[in-house]
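Colleague: Here it is, the structure, as structure tokens.
The values are calculated or read from the model by the stated rules, or taken from the named source; none is laboratory data. It should be emphasised that the depicted structure is a prediction, and the values quoted were computed from it without experimental measurement. Counting neighbours? That spans all protein chains shown, and the Cβs are built from the backbone with ideal geometry, glycine included.
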């Protein structure tokens with residue numbers, strides 16, 4: 001859950017990048033850390049917690065454009081969790097206190113089953129934390145659109161966004177930055193909408 005620091009007039013929001021292994025979560029985080037413009041001293045060091053075959057990445061930043069929201073500066077914490085099946089406990093730990101999710105799907109035809117499995121795992125992990133994915137703002141990023149064997153957008157939407165009220169989705173090629181900022185900025189907008197009516201008297 002978002003944290004309000006009355007002393008510094010700062011709102012802290014946690015965003016987690018989820019998805020199957022090698023879908024592009026790490027690339028998203030690394031590119032964002034490199035490209036995001038922040039206030040002086042407003043970007044934390046990129047921290048990598050390595051496992052034997054995957055990594056959990058983390059950094060926080062205080063963006064220029066979000067310097068004031070309801071009188072509070074807004075600091076974001078961005079995490080990318082390991083996608084390997086064996087690291088489910090790590091994913092559960094990182095998801096604690098999550099405010100928003102970017103689900104990074106691999107657009108390659110042979111990865112569809114892993115995308116579906118990973119998305120179901122996200123739902124189950126949120127449930128284990130007494131959270132409902134329908135209550136968590138999230139967006140979908142369909143990554144690796146530069147490859148030759150990608151499935152059509154309609155098929156991805158049918159597999160991962162087949163609901164009465166669809167969530168925003170973005171085509172992306174994270175390795176060259178396409179769709180990365182767009183997905184994050186839209187999620188930030190959704191989070192601001194969610195908190196706008198709840199930020200009263202320092203409570204979120």
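Colleague: crowded, with 19+ Cβ neighbours inside 10 Å, in contact with a helix residue (DSSP H, G or I) (Cβ under 9 Å, 6 or more places away or on another chain) and over 16 Å from residue 16 (Cα atoms): which single residue out of 126, 171, 160, 140 fits that description?
Modeller: Of the residues listed, the single one that is crowded, with 19+ Cβ neighbours inside 10 Å, in contact with a helix residue (DSSP H, G or I) (Cβ under 9 Å, 6 or more places away or on another chain) and over 16 Å from residue 16 (Cα atoms) is 160.
Colleague: Would you pick out the residues in region 154-182 that are part of a helix (DSSP H, G or I), closer than 22 Å to residue 109 by Cα and touching a strand residue (DSSP E or B) at 6+ places or on another chain (Cβ under 7 Å)?
Modeller: 156, 157, 160, 174
Colleague: Could you check region 1-103 for strands (runs of 3 or more DSSP E) lying wholly inside it with 3 or more residues that are at pLDDT below 70 and crowded, with 18+ Cβ neighbours inside 10 Å?
Modeller: Result: 55-63.
Colleague: With the structure loaded, tell me whether residue 110 is modelled with pLDDT of 85 or more and part of a helix (DSSP H, G or I) or whether it fails that test.
Modeller: yes
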